[in-house]
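**Q** Structure provided below as structure tokens; questions to follow.
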Amino acid sequence: MNTDGGGLVLVVEHDPAVAELQRRYLAREGFYVEIEPDPARAPAAARRSRPDVVVLDLSASALPADLYRRVTEAARPAPVVAVTGPLDPAIARALGEHRVDRPFGPRVLVAAVAEALRHCAPAETPGPLRAGPLALDPRSRVAVIGDRRVTLTVTEFDLLEFLMGNPGRVYTREQLLDAAWGPGAGAGSRTVDVHVAQLRAKLGERNPIRTVRGVGYVLDA
């Protein structure tokens, strides 16, 4: 992630002329810009670049239905500004609050990017989280149990971070879906069970995640 100037913006835009116009306006405001012209490669580009914000054009035809979700997961914790055409209200809500509707001027996009960054900036840098032998550092995204470092996927880390940040509180699968995947992500409750099982397997016998039958999960401090 870029920490100089206005930050790094990944622009996913298939039209070279539009992408160049967006790049120029964002650069004038101090942003560094990387352009990805192929939407199919956007999740990989987000994982590679670790941008501060993603501008994702969803107005082209024949895009994968889950593209927004996959880019959001790959870019997390960076916000995603969705560029869209006319949408059904239910679909629009699923895209979250950072959205720009076509047609728009470049200055509108710059303002949306700046607002997304302001809204998502943490009030303070979180410190390490601990639960028994388990330690999690949100800044470096490193998890250690005992003296063993644990390799987690982006979603596994986000799920564990949420539980560790709220120890002793029982959460339903639906609440955990919203916390780790985002509202309207489209994943089912079974997805939570699968990720919790993967977390438990990686953490081993000392893992602090407990099932509350008929409700969901809780992390024992």
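The values are calculated or read from the model by the stated rules, or taken from the named source; none is laboratory data. These numbers come from a predicted model, not from an experiment. Note that each Cβ is placed from the backbone with ideal geometry, even for glycine, and that neighbours are counted across all protein chains shown. Side chains included, ligands, DNA and RNA excluded: accessible areas come from the protein's heavy atoms. Shrake-Rupley method; radii C 1.70, N 1.55, O 1.52, S 1.80 Å.
**Q** Scan segment 18-44 for residues that are free of Cβ contacts under 8 Å to residues at least 60 places away in the same chain and either among the hydroxyl-bearing types (Ser, Thr, Tyr) or part of a loop (DSSP other than H, G, I, E, B) (or both) and report the count.
**A** 4
One line per residue, one yes/no per condition, for (1) out of contact with any Ser or Thr (no Cβ under 7 Å at 6 or more places or on another chain); (2) outside any loop (DSSP other than H, G, I, E, B); (3) polar (S, T, N, Q); (4) open to solvent by 60 Å² or more (accessible area, probe 1.4 Å):
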position: ARG149; (1), (2), (3), (4): yes, yes, no, yes
position: LEU152; (1), (2), (3), (4): yes, no, no, no
position: GLU161; (1), (2), (3), (4): yes, yes, no, no
position: ASP193; (1), (2), (3), (4): yes, yes, no, no
position: ALA201; (1), (2), (3), (4): yes, yes, no, yes
position: THR211; (1), (2), (3), (4): yes, yes, yes, yes
position: GLY214; (1), (2), (3), (4): yes, no, no, yes
position: ALA221; (1), (2), (3), (4): yes, no, no, yes
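**Q** Right, here's the next one. Taking into account only those residues within segment 78-117 that are at pLDDT below 80 and within 17 Å of the chain's Cα centre (by Cα), which is most open to solvent (accessible area, probe 1.4 Å)?
**A** Step by step, filter segment 78-117, then rank; the result is ARG93.
**Q** Moving on to the next point. Within the set of pairs 6+ apart or on separate chains, which have a first residue in segment 97-111 that is over 17 Å from PRO79 (Cα atoms), a second that is outside any helix (DSSP H, G or I) and open to solvent by 70 Å² or more (accessible area, probe 1.4 Å), and C-beta atoms under 7 Å apart?
**A** Pairs found: none.
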